[in-house]
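Student: Encoded as structure tokens, here's the structure I'll be asking about.
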Amino acid sequence: MNKTYIPNDNLLFPPNLGDFIPEDAPVRLVSQIVDLMNLKEIHDSYSQEGDGRPPYHPAMMLKVVLFGYMNNIFSSRGLASAMRRDAHLIWLSSYQFPEQSTISRFKIRCMPHIKVIFSRLVFILTERGEIQLTKDLYIDGTTIRSRAARRRIKWRSNAAKFGALAETAIQEGVEDLLEQVENGDTMDENNSGHVSYTTDEAREIVDRIEQEAQNQGLKVQSKITVVRKAIDRKETHDHTLEQCAGRCGVAPTDPDCGIMHAKEDGYGGDATPNFNVQIATQNQYVTNYGAFDQPSDKSIAMDFIDTCIEENSVKPSSVVEDAGYGCEEVYVGLKKRGISAIVKYPNYDAESRRRPVKEGTYDKFGFKLSEDESTLICPAGHRMRVIRTEEEYTRSGFRSDSTVMTCDHCPGCPFKEKCQVAKNKRREIRRKLGNIREERRAKARLDLPANQEKLKRRSLEPEPVFGQLKHNHGYTRFRHFGKSKVEMDLGFVFMALNILKLYRNIEKSA
């Protein structure tokens, strides 16, 4: 005997779809959280005219988008399809079925306001007591592949080299044409003393010579074609250099991304188009995020910290970061902002594990800062003499000078054969004393027991969030071109992760 089974049976009173959604389902939490948000900016972005078809409610659209991201449905087409078969999405949308183009346009509509919407979710988490923005923030970064094709990278070095060759071809070609057509007379008296021609000037000269050659019956068309092609190449390479903006290369389809190495890109360690995604976390909630085109965490650290302060409207008591951020610029920048810097420097762990060097043994790491912090003491205990100080600036414009020093006690020194000063042809070494001074102060802070606990906590903060993002949700490559759209997509996915984290915490406390 089987239970009664009647396909396509019509019910006199259709059931309420909400009866099929458990009371503790994540979809209900999504609905509650969005209902608490002020979506004024999105409401105002719609036309206020009374004509035309009314738009879907922004709260409903935001709910279904966030629930889609929570369930690894990142594409608008996939979400539109799921909304017709997933009971949870049908319940969220209240039996409304927007097309994929409508969902896509809604995401674009949210793009200018995504950081504001994200901040309001963070504020809700703060009100619930999940996070306290005035306490420690744990910051880390990871690389996520851009949508740009990795095989179409244009390198700055190649653009500079081939641009120079094109420039030479332009100058030689124009001079050759002028000599052949005008017997060495370079156009007008206004052009006397010309050393080189710009691409615009070269194009005007070529156009005029082409007209004169036709009147005089000269055969110079092949030379004119060569110059024009060189002008086109020069302009193309100049445009590439402009897009690089100091970076090593550029992806033409997405100039906003950077060319950098990624651990899990699967391309044998080759540099590929990526974004350096930075996040600040507390209790494994993402409080702030950003996408950058620079591979070095040091060069973007202070910009991101300023972004955190601006978006949160408060300063954290301390910032905890790994050794990839440790440098003079970060230490000084955090001190100026009144934030405690619990930031490792590159050799901190190695110094902590290193055994004491036996007396009479050369230690290549034995160059220590003198008591007055103006020079170094060599491994043999001699004070080094400062030769000169050279001004140097980081990519962000921070001044970090290098000091060139030598030792006058090398003759007769027992470490002469091994010492790097003696091995140098000029018997000089170059060090950033400002960086060494800040590392000495940082070590005193990092060795405090309370800060040691925070360093241990750091591995349990942003890293699990990245693991959740990449491994559990498969978010390893962006689906949009341009930084604005990338940050819009990150805003949705990090909001979804925060709501999932809140849901799990509620389950644990129940």
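Every read-out reported here was derived from the displayed coordinates using simple, explicitly stated rules and does not represent laboratory data. Just so it is clear, the structure is predicted and the values come from calculations on it, not from any experiment. Glycine also receives a Cβ, built like all others from the backbone with ideal geometry; neighbour counts cover every protein chain displayed.
Student: Say R0 is 35 Å: what FRET efficiency, to the nearest 0.05, do D306 and T361 get from their beta-carbon distance?
Tutor: Once the sixth-power term is evaluated, E becomes 0.15.
Student: For Q100 and V314, what does the FRET efficiency come to when R0 = 45 Å and r is the distance between their Cβ atoms, rounded to the nearest 0.05?
Tutor: With a Förster radius of 45 Å, E is 0.70.
Student: Charges at C-beta only: +1 for Lys and Arg, -1 for Asp and Glu. How large is the resulting dipole of the chain about its Cα centre, in Debye rounded to 20?
Tutor: Its charge dipole is roughly 2540 debye.
Student: Which residues in the range 312-339 have a backbone N closer than 19 Å to a point placed 7 Å from the Cα of Y393 along the Cα-to-Cβ line?
Tutor: 328-330, 332-333, by backbone N distance to the label point.
Student: Extension gain H409-D270, at 0.36 nm per residue separation less the Cα-Cα distance, in nm?
Tutor: Extra length from H409 to D270 when fully extended: 45.5 nm.
Student: Among (1) 3, 16, 24, 21, 14, 8, 5, 3, 2, 1, 1, 0, 0; (2) 3, 14, 18, 18, 16, 13, 10, 5, 2, 1, 0; (3) 4, 17, 27, 26, 17, 6, 2, 1, 0, which is the computed P(r) over Cα pairs in 10 Å bins from 0, in percent?
Tutor: Read-out from the structure maps to (2).
Student: Residue farthest toward the positive end of the dipole of the chain, with Cβ of Lys/Arg at +1 and Asp/Glu at -1: which of H473, A166, W155?
Tutor: So the residue we want is H473.
Student: Counting residues in the range 1-132 as N, plug N into 2.2 N^0.38 Å and put the Cα Rg over that result.
Tutor: 1.25
Student: Okay, moving on. How much length would be gained if the chain were fully extended between S81 and I377, taking 0.36 nm per residue of separation minus their Cα-Cα distance, in nm to one decimal?
Tutor: Here the answer is 99.6 nm.
Student: Here's a follow-up. Label point 7 Å out from K418 along Cα-to-Cβ: which residues of the range 361-391 have amide N under 20 Å?
Tutor: 361-369, 377-384
Student: Once you put a point 7 Å from the Cα of E212 and another 7 Å from the Cα of R457, both along the Cβ direction, what distance in nm separates them?
Tutor: Placing both labels 7 Å along Cα→Cβ, they lie 7.8 nm apart.
Student: OK, next. Could you point to the residue in A323, V250, A230 farthest towards the positive end of the range 192-330's charge dipole, with +1 and -1 charges on the Cβ of Lys/Arg and Asp/Glu respectively?
Tutor: Farthest towards the positive end: A230.
Student: Nearest 20 debye, what's the magnitude of the dipole of the range 269-355 about its Cα centre given +1 on Lys and Arg Cβ and -1 on Asp and Glu Cβ?
Tutor: 500
Student: Another question, if that's okay. Apply 1/(1 + (r/R0)^6) to the Cβ-Cβ distance of Q32 and K443, taking R0 = 51 Å, and write down the FRET efficiency to the nearest 0.05.
Tutor: 0.60
Student: So what are the ³J(HN,Hα) numbers for the range 202-215, from phi and the Karplus equation (6.51, -1.76, 1.60; θ = phi - 60°), rounded to whole Hz, Gly and Pro as x?
Tutor: 5, 5, 5, 5, 5, 5, 5, 5, 4, 5, 5, 5, 5, 5
Student: For the range 434-497 and the range 329-356, write down the distance between their C-alpha centroids in whole Å.
Tutor: One Cα centre to the other: 17 Å.
Student: Once label points are set 7 Å from the Cα along Cα→Cβ at both R354 and E23, what is their separation, rounded to one decimal in nm?
Tutor: It is 6.2 nm.
Student: From the helices alone, meaning DSSP H stretches of at least four residues, give me the mean residue ellipticity at 222 nm for the chain, per-run term -39500 (n - 2.57), in deg cm²/dmol to the nearest 500.
Tutor: It comes out at -14000 deg cm²/dmol, rounded to the nearest 500.
Student: Taking GluC sites (Glu not before Pro) as exposed when DSSP calls them loop (any state but H, G, I, E, B) and at most 16 other Cβ atoms lie within 10 Å, what is the longest stretch of the chain free of them, the sites themselves excluded?
Tutor: Maximal segment without exposed cleavage sites: 100-263.
Student: Distance from a point 7 Å along Cα→Cβ of R431 to each backbone N in the range 361-383: keep the residues under 15 Å and list them by number.
Tutor: What the label zone holds, given the 15 Å backbone N cut-off, is 363-383.
Student: Within 10 Å of each candidate Cβ there may be at most 11 other Cβ atoms; applying that plus a DSSP loop requirement, which chymotrypsin sites (Phe, Trp or Tyr not before Pro) in the range 331-404 survive?
Tutor: F365
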